[in-house]
Amino acid sequence: MIVITGASRGIGKFLFNSFLDSSNEKIIGIYLNTQPTENIEKFMKLDLTDYEQIKLFVDSYAEEMREITLINCAGITYNSFTHKSDPWKWKSVIETNLIGSYNIIRALLPIMREQKFGRIINFSSVVAIKPTPGISSYAASKSALFGLIKSIAIENASLNITINNINLGYSELGMIDMVPDEFRKSIVAQIPSGILCPPEDILNTVKYLRTTRYITGSSIDLNGGLT
Ligand SMILES: NC(=O)c1ccc[n+]([C@@H]2O[C@H](COP(=O)([O-])OP(=O)(O)OC[C@H]3O[C@@H](n4cnc5c(N)ncnc54)[C@H](OP(=O)(O)O)[C@@H]3O)[C@@H](O)[C@H]2O)c1
């Protein structure tokens, strides 16, 4: 079974549709505010920041869950110089990107451990190590995933459960839509490969991590040479 958070938009939506087209596995997409218009029966509306909701969802599907791959695509960002930032908006990024990831991992891990199988793939970001101004909350939330996976990896590696991050650069899909054209051009100009990340490269990296047992606790740079 594949569980994809953030499946209503951007990269998560692309991965959801790709696996739906190419795999017979059961797929559950998780969304919050963007109501999916197709395959609605395969979606669950959940706020990842609310552990109780996540636990109820996992408990209600526990019997059907086999060989789980969790792809954590849900994420938000908040742009503001730190000295002018709204503390509540700043914290909400940590709540979603870090604690939201923890919540669903926490809820699924007991099933993975019981079944002695699990694959967890998180989306971190190049900005954790090469930030642009105004994204301290986002950079903090994404760099925290580094420590999170290192710990979870050693706790679960002997049970054939892997957890890894994809440190994504700038993708053709998703959040880039919020970036004004001029800034977008200046971003692309700095990428050694000269292009935004094609969706297929993200899919290939996810597939690689799903099918590999010996990579765990790793963060894979997928950034066209930016770092
Ligand atoms: N796009 C890039 O260039 C890029 C680069 C580096 C890293 N990343 C990371 O890759 C992941 C996907 O990025 P993206 O650009 O595809 O993002 P996106 O288009 O902005 O989509 C974000 C997704 O997260 C979901 N979400 C947000 N808060 C949630 C919550 N509390 N509970 C449940 N779902 C929630 C949204 O659901 P609703 O719309 O239904 O609320 C949406 O499906 C993110 O973690 C992002 O940080 C992206």
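Bear in mind that the values in this text are calculations on the coordinates, not laboratory data. What you are looking at is a predicted structure, and each value in this text was computed from that prediction instead of being measured. Cβ atoms come from the backbone with ideal geometry, glycine included; neighbour counts cover every protein chain shown.
A quick yes/no check of all residues on (1) on the phi > 0 side of the Ramachandran plot; (2) in a loop (DSSP other than H, G, I, E, B):
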residue	(1), (2)
Ile176	no, no
Phe183	no, no
Ala189	no, no
Ile195	no, yes
Ile202	no, no
Gly224	yes, yes
Thr227	no, yes
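Close Cβ contacts (under 9 Å, 6 or more residues apart or on different chains) running from residues in the stretch 157-176 that are farther than 15 Å from Ile202 by Cα to residues that are among the small types (Gly, Ala, Ser) and part of a strand (DSSP E or B) comprise Leu159/Gly118; Asn160/Gly118; Ile161/Gly118; Thr162/Gly118; Ile163/Gly118.
Could you tell me how many of the residues in the stretch 33-57 are within 21 Å of Phe16 (Cα to Cα), part of a helix (DSSP H, G or I) and free of Cβ contacts under 8 Å to residues at least 40 places away in the same chain? Total satisfying the criteria: 3. Does the stretch 77-88 contain any residue that is more than 14 Å from the ligand (Cβ to nearest atom), out of contact with any Cys (no Cβ under 9 Å at 6 or more places or on another chain) and of a type in the set (Asp, Glu)? Yes, some residue in the stretch 77-88 is more than 14 Å from the ligand (Cβ to nearest atom), out of contact with any Cys (no Cβ under 9 Å at 6 or more places or on another chain) and of a type in the set (Asp, Glu). Within the stretch 76-91, the residues that satisfy the criterion of being surrounded by 16 or more Cβ atoms within 10 Å (Cβ to Cβ) and either over 15 Å from the mean Cα position of the chain (by Cα) or within 15 Å of Ile120 (Cβ to Cβ) (or both) are Tyr78, Ser85, Trp90. In this structure, Ser137 does satisfy being crowded, with 17+ Cβ neighbours inside 10 Å, in contact with a Lys or Arg (Cβ under 8 Å, 6 or more places away or on another chain) and in contact (Cβ under 8 Å) with a residue 12 or more places away in the chain.
Screening Leu15 against (1) of a type in the set (A, V, I, L, M); (2) over 17 Å from Val58 (Cβ atoms); (3) within 8 Å of the ligand (Cβ to nearest atom) leaves a single unmet condition, (3). Against the criterion of being closer than 19 Å to Ile104 by Cβ and in contact (Cβ under 8 Å) with a residue 60 or more places away in the chain, Gly147 does not qualify.
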